Structure formats: structure tokens, C-alpha cells
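Asker: Pasting a structure below so you can have a look.
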Amino acid sequence: MTDDFNRCLAFTLREEGGYVDNASDPGGATNMGITLATLRDWVGNPDLQRYDIVTLTEQAAAGIYCANFWNRLRCDALPAGVNLMVFDFSVNTGCQTAARVLQRAAGLSGDEVDGCVGPFTLRHAAAMAPTAMLDALRSAQQARYEATEGFATFGRGWLARTERRFIAANEMITAQGAAS
């Protein structure tokens, strides 16, 4: 699934762009979507400064995304396209939120929605047709964004990104079918 990770990472890096420090963003200074707090945690140095996030390399960002997002959400075990929807959404909302949205989209409820992607979640996600899962994820992600503080400021961009993510995910499913 390395190809899927690289494809999904390329999408996320295009969407996130380079260095940004928007005063309205509670994440603060970011580069390629990586916050300074995440970088501090990644390297184990709470003294890193803005310069360190400005000079973040794509290789370092890829390592952070692979370990802290892709692997944590078990995206390698999700169908192509579904993995993009989950991975890229997690970059905006965090892994637990993305996992819960995946679980609800897969038809889980109550205590089954625990924010951890394990074998039970993967079985339920795989039981749905990938295109149906994409539709469910798109709706659930849009609803989550609409309920998020900051929607008035960032909502239009979040919803537009959700649509681009959905289109790219469908293209991955189509390419997967053509390769089979």
C-alpha cells in the first residue's frame, strides 16, 4: 500500500500547501499541514521555534504523516479511496475524530464508536461497497465540519476540500478497478 500512501500524501500536501501562520487558526504556524506542536512532539524537543516549522522538509512531513496519521488509522488496510478520505480528513480534525467518523460511516454506533481503528472497524468498513463508503464519509465529514467551531471562518474551504477529496477518492477506486 506504499503507492496508496504516496498518492494520498501527494493529495494532502497539495491541499495543505506550504508555511502558513493564520491568527484565526488555533493550530498556529503550520508547514505542509504540520503544526509546530506536532513537530515538537515528533522530535521530542519542546524548544523548537517558528524557524523549525518554516524549514520543515517534505521528507520529515512524510514521516510524521505516515507514523502519526496513516499508520495510526490503519489506512493501509482500508480500500483505496476510502483511505484517502480518512487520512486527509484526519489531518484537519485529528485521528480520533477521523476514526469516529469512519466508524459511524461504516454503520457502527454506541460503544462501537471508540475512535480506534481495529479489526472490528476494518471488517465493517470492508463490508460496504467502496463507493457507498465514500458517500457516507463525505456526508459525515461535511456534517462534522459544519458542527466545528471556526466553521464561519474556514468552513467554505473545508467543504471545498471535502469535495476535492471525494473526487480524488473516486478516481482511486476507478483506477483500482481498472488495474484488477
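Asker: Using the heavy atoms of the protein chains and a 1.4 angstrom probe, tell me the accessible area per residue for segment 1-115 in square angstrom.
Answerer: Each residue of segment 1-115 exposes 47 Å² on average to a 1.4 Å probe.
Asker: Give me the net charge of T35's neighbourhood, meaning all other residues with Cβ under 15 Å from the Cβ of T35; Lys, Arg count +1, Asp, Glu -1.
Answerer: With Lys, Arg at +1 and Asp, Glu at -1, the neighbours total -3.
Asker: If you average the sequence gap of Cα pairs under 8 Å that are 6 or more apart and divide by the length of segment 6-133, what percent do you get for the contact order?
Answerer: It rounds to 17 percent for segment 6-133.
Asker: Keeping the other protein chains in place, figure out the carbon and sulfur percent of the accessible area of the chain, with a 1.4 Å probe.
Answerer: Summing carbon and sulfur atoms, their accessible area is 51 percent of the total for the chain.
Asker: Something else now. Per residue of segment 9-23, in order, report the coupling 6.51 cos²θ - 1.76 cosθ + 1.60 (Karplus, θ = phi - 60°) as ³J(HN,Hα) in whole Hz, putting x for Gly and Pro.
Answerer: Ordered by residue, 3J(HN,Hα) equals 4, 4, 4, 5, 5, 4, 5, 6, x, x, 5, 9, 9, 8, 4 Hz.
Asker: Evaluate the Debye formula for segment 24-132 with equal point scatterers sitting on the alpha carbons, no solvent, and hand back log10 of I(q)/I(0) at q = 0.09, 0.15, 0.22 Å⁻¹, in q order, two decimals.
Answerer: -0.27, -0.67, -1.10
Asker: Considering only the other residues whose Cβ falls under 15 Å of the Cβ of L84, what net charge follows from Lys and Arg at +1 and Asp and Glu at -1?
Answerer: Taking every other residue near L84 into account, the sum is -2.
Asker: Taking the Cβ of D52 as the center, what net charge do the other residues with Cβ under 14 Å away carry, scoring Lys and Arg +1 and Asp and Glu -1?
Answerer: Here the charged neighbours net out to -1.
Asker: Rounded to the nearest 0.05, what FRET efficiency do A152 and N71 have when you use their Cβ-Cβ distance and R0 = 25 Å?
Answerer: 0.15
Asker: Follow-up question, since we're still on this one. I need the phi-derived Karplus couplings for segment 37-51: 6.51 cos²θ - 1.76 cosθ + 1.60, θ = phi - 60°, integer Hz, Gly and Pro marked x.
Answerer: 4, 5, 5, 4, 5, 4, 8, x, 9, x, 8, 4, 10, 3, 3
Asker: Something else about it: Using the Karplus curve 6.51 cos²θ - 1.76 cosθ + 1.60 with θ = phi - 60°, what ³J(HN,Hα) values do you get for each residue of segment 133-147, in whole Hz, with x for Gly and Pro?
Answerer: Along segment 133-147, the couplings run 5, 4, 4, 5, 5, 4, 4, 5, 5, 4, 4, 5, 4, 4, 8 Hz.
Asker: Need one number: nm distance between label points at A37 and A10, each 7 Å from Cα along Cα→Cβ, rounded to one decimal.
Answerer: Taking the two extended label points, one gets 3.2 nm.
Asker: Hey, another quick one. Tell me the accessible surface of V54 in square angstrom (1.4 angstrom probe, heavy atoms of protein chains only), to the nearest ten.
Answerer: 70
The values are calculated or read from the model by the stated rules, or taken from the named source; none is laboratory data. It should be emphasised that the depicted structure is a prediction, and the values quoted were computed from it without experimental measurement. Neighbour counts are summed over all protein chains in view; Cβ atoms, including those assigned to glycine, are modelled from backbone coordinates with ideal geometry. Accessible surface is based on the protein model in full, side chains and every heavy atom, while ligands, DNA and RNA are left aside. Shrake-Rupley method; radii C 1.70, N 1.55, O 1.52, S 1.80 Å.
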